[in-house]
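Everything on this sheet refers to the single structure shown next.
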Amino acid sequence: MRTTSKSAATVVIALIYALIIPVALTLHTVKSPGTLVITADNPTPLGYTISLSLFIFPIISIGWWFFRHPTIHFQKRAFLWTVALLFPAGVILDLLFGNRFFVFLNHQAVSGIMVAAVGGALPIEEFVFYLSGFMVVLLIYIWGDEYWFERYNEPDYPGESQKIDRILRFHPISLIIALLLMTFAISYKIVWSGELGFPWYFIYLTVVALLPSMGFYHCVKRFINWRSFSFTFFIMVLVSLLWEVTLAMPYQWWGFQHNAMMGIYIDAWYGLPLEEIVVWFSVTFATVILYEVIKVWQASGRSVKNAFLGM
């Protein structure tokens, strides 16, 4: 019996909570977090640059399988469209807000190639990170959807896509969730955090995650392979924590502007902001929704106007 999209999405949320609650309780027991003692002037030469291989190697491996697959066609076009839309948006946002959200103190951990941005130049690794991040999220999801969890994807995608009168439909629950999350973040920052500033980073992540959902979730929720989504999300969180908690933050490859954070930090993980746990859910959710939207359009064989707005 096929699980409905609603119940599958509920299971994903339950799994996330089942992980978050014990982890939060355990981390809360750390009352006196330790610090790393660095004994060299350059402890991680080109560390950030080389660490991008955490994304690049999976991209090469899964990409080789994906683009050589003989029966996958409209999915490849949907992949290229999704990356073509997401990467420029990520670049523009990084150019405008990168220095508002982040700091890069260890200049020896990067190649030294800098890109001009508002507030000061950013290392080129940041832009490679964005491009490879979107690609690896998308490729892991596609691999799960088309192979590892193939049993749970839509077997007649073109046929079901053609039954949709229009893709663009307002989803009010997404708007309500977004407003509640932003209200909580602003209230916490002003009332409880004890820090100056405004939680711009959390608000940005909320908009990134839920803006596509507001317009497209109603249509694509039945097409999302929720098992593949949960697999992708947990893989990305695991890699992120390995990357940030054990390497990036202790060795100052990158850090965070506290005045742009909500004010909730995980002391046991070098003061990691809560936003860095949220970011991978936001990126995965938005990427998967956009990919499925474009896949529906490509599979339907209809024009852009007809597919998104109807006759």
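Values in this text are rule-based calculations from the coordinates and carry no lab data. Everything numeric here is computed off the predicted structure, so don't read it as measured data. FYI the Cβ positions are ideal-geometry reconstructions off the backbone, even for glycines, and counts take in every protein chain you see.
Structure above, values below:
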| read-out | value |
| --- | --- |
| Estimated FRET transfer efficiency (Leu211, Leu25; beta-carbon r; R0 45 Å; 0.05) | 0.90 |
| Options Gly194, Ser174, Pro123, ranked by Cα towards positive dipole end of the chain, top entry (Cβ charges) | Ser174 |
| Between 0 and 90°, nearest 10: helix 53-68 axis offset from the chain longest Cα axis | 10 |
| Equivalent ellipsoid, the range 66-207 (semi-axes from 5 times Cα gyration tensor eigenvalues, Å) | 35, 25, 13 |
| Amide proton proximity set for Val103, modelled H, under 5 Å, gap of 5+ | Gly255, Phe256, Gln257 |
| [x] 89, 38, 37; [y] 61, 43, 38; [z] 55, 49, 36, with the label sought being that of the calculated Cα extents along the principal axes in Å | [y] |
| The range 92-137 shape via C-alpha gyration tensor axes, a/c threshold 1.5 | oblate |
| Protection proxy ranking, peptides 187-193, 264-270, 19-25, 33-39, average beta carbon neighbours within 10 Å, highest first | 264-270, 187-193, 19-25, 33-39 |
| Listed peptides 114-121, 253-260 by packing density, highest first (mean Cβ within 10 Å) | 253-260, 114-121 |
| Within the chain, helix-based [θ] at 222 nm, where runs of 4 or more DSSP H residues each add -39,500 (n - 2.57), nearest 500 | -20000 deg cm²/dmol |
| Two-site label geometry, Leu15 and Ser187: point separation in nm, points 7 Å out along Cα→Cβ | 3.1 |
| Prolate/oblate/rounded call for the range 125-214, Cα gyration tensor, a/c under 1.5 rounded | oblate |
| Electrostatic dipole magnitude of the range 1-99 [Cβ: Lys, Arg +1; Asp, Glu -1; Cα centre; debye, to 20] | 540 |
| Estimated dipole of the chain in Debye, rounded to 20 [Cβ of Lys and Arg +1, of Asp and Glu -1, Cα centre] | 1040 |
| C-alpha long axis of helix 172-187 to longest principal axis of the chain, angle in ° | 10 |
| Length released on extending from Ser111 to Arg151, taking residue separation times 0.36 nm less the Cα-Cα span | 10.0 nm |
| Shape call, the range 1-137: gyration tensor on alpha carbons, a/c limit 1.5 | oblate |
| Net length gained if the chain between Phe198 and Ile173 were fully extended (0.36 nm per residue, minus Cα distance) | 6.5 nm |
| C-alpha long axis of helix 5-28 to longest principal axis of the chain, angle in ° | 10 |
| Gaussian network model of the chain, springs between alpha carbon atoms under 10 Å - residue of Val296, Val288, Val239 with greatest fluctuation | Val239 |
| Between the range 59-76 and the range 259-302, the Cα center-to-center distance that results, in Å | 24 |
| Rough spin-label spacing in nm, given labels placed 7 Å along Cα→Cβ, for Phe102 and His73 | 4.0 |
